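The values are calculated or read from the model by the stated rules, or taken from the named source; none is laboratory data. Please read these numbers as outputs of a predicted model, since none were measured by experiment. Neighbour counts run over all protein chains shown; Cβ positions are idealised from the backbone, glycine included. Keep in mind that these areas ignore ligands, DNA and RNA; they rest on the heavy atoms of the full protein, side chains included. Shrake-Rupley method; radii C 1.70, N 1.55, O 1.52, S 1.80 Å.
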Amino acid sequence: MGAYASTDLLDQDPSTLEDYDVEYIQPTAVYNDTSRELVDLLVRYLQSRAYPYSVDRVVKSGSFGKGTQIRDHADLDCVVVLNILKSVHDRINHGPQILGHLADMLKTQRWVVRGSVTNNDYIILFKMYQNGVTMDVDLLPTFEVLGHNPPNYRKEQTYLKMLDLSGRARSYYSVPLCQLQLDFVRLQPSRVKTLIRLVKYWRKMEVEKHAQPSLRYPNSYAMELITIHVWKKAAASRPRRIKLVEAFKSVLTQLVNYQSLHAEWYDNYSEVLANEACDRLGFTRPIVLDPANPTNNIMAPYKFRVEAWDHLALIAADSMRRPLLKDVVIPAYWQWG
């Protein structure tokens, strides 16, 4: 370890990828500890008397909560369930005022990077800093939807209700359902999380480097779900210990062939309900249904334009021609679609 002619991921020899992952991608214990202190600081503030709204609970998601953060780059989706918001209509009608108030309050905190706070009607974005560590935070006030540890029948009732809502109202449900998103990724095997970190590191180093300013590229959650999908399709026949470099090339191959994607998970809803959601909402391939929300196709054109996916596919194809991957043969148990 440490004797690399180049620190560029795609210039590595395939045999060194596991060591490269440890040295450059996995977060250090010190970084994790400081990140945890920052998150605890924010949560204490949200639950303190200084905070003007009664908080039912705080969900710590994003790469920090899911355990998929890469070195020196943890992000936090901080979902705050407010008792004052009783319904999606409360969120639509009163959310913008609440967000503006909270943004002004955050600007006064010493641990918030000066000038970093911005907000719109959906979200507050800011940076936290302490002991050399900076963390990007998305603060998302929301309403309660399912309650604590909901049974599956309650989830299905909620999803059916969502199908009858307008698209705008339905879009507000992804935030209160984020606990299910968090659990789905957080509970994946450690080897899957290693692969997710590798894909996210590639996205940061390659996609961001070649990004076109006019395009909004698929986010980290989309990369996580596609990676898990590729892994799961190989689960039945792959050996117990797979090579990380083969898995990585398989994910990039799927990104090149993104138009064939059709991924669904039935952890929180039935296959019947997933099919009904796809039919009623007119989803066609590519489809990657949010495991927390069958009304949310993360591949929908209104989320990320086809031009962004096409450019991402080009970057993935170019990456597979680089030294790390060009001679890697993908075993037959890796499949796509």
Fraction of antiparallel bridges per DSSP, the stretch 1-160 only, in percent to nearest 5: 70
So who's got an amide H within less than 5 Å of the one on Asp77, skipping anything under 5 residues away but keeping other chains? H placed 1.01 Å off N, in plane. Ser61, Gly62, Ser63, Phe64, Gly65, Asp138
How far, in degrees from 0 to 90, does helix 306-319 lean away from the longest principal axis of the Cα atoms of the chain, to the nearest 10? 40
For the pairs Lys66/Lys107; Lys60/Lys127; Lys107/Lys193; Lys66/Lys209, flag any whose C-alpha to C-alpha distance is greater than 23 Å. Lys66/Lys107; Lys107/Lys193; Lys66/Lys209
DSSP beta bridges in the chain: the antiparallel percent, rounded to 5, is 70
If you add up the charges near Tyr153, with Lys and Arg at +1 and Asp and Glu at -1, over every other residue whose beta carbon is less than 15 angstrom from its beta carbon, what do you get? +1
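In debye to the nearest 20, how big a dipole does the stretch 26-118 give about its Cα centre with +1 on each Lys and Arg Cβ and -1 on each Asp and Glu Cβ?
Values: 12 positive and 9 negative charges, 29 e Å.
Roughly 140 debye, rounded to the nearest 20.
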How far apart, in nm, are the 7 Å Cα→Cβ label points at Arg322 and Thr28? 2.4
Got the relative contact order for the chain handy, in percent, Cα pairs under 8 Å and 6 or more residues apart? 19
Using only the heavy atoms of the protein chains and a 1.4 Å probe, how would His229, His210, His148 rank by accessible area, largest first? His148, His210, His229
Dipole of the stretch 194-273 (Lys/Arg Cβ +1, Asp/Glu Cβ -1, origin at the Cα centre): which of His210, Ser220, Leu244 lies farthest to the positive side? Leu244
Quick check for me: using +1 on Lys/Arg Cβ and -1 on Asp/Glu Cβ, what's the dipole size of the chain about its Cα centre, in debye to the nearest 20? 280
Just how much of Ile70 is accessible, in Å², when a 1.4 Å probe is used and the result is rounded to the nearest 10? 10
Might you work out the accessible area of Lys232 for me, using a 1.4 Å probe with all protein chains in place, and round it to the nearest 10 Å²? 100
Rounded to the nearest 10 Å², the accessible area of Ile92 using a 1.4 Å probe with every protein chain kept is 30
Which of Ala263, Gly62, Asn93 sits farthest toward the positive end of the charge dipole of the chain, with +1 on the Cβ of Lys and Arg and -1 on the Cβ of Asp and Glu? Asn93
Once you compute Rg and the Kirkwood Rh from C-alpha atoms, what is the Rg to Rh ratio for the stretch 172-227? 1.04
At 1.4 Å probe radius, can you tell me the per residue accessible area of the stretch 87-149 in Å²? 53
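Provide the FRET efficiency to the nearest 0.05 for the Leu187-Ser6 pair, computing r from the beta carbons and using R0 = 35 Å.
0.45
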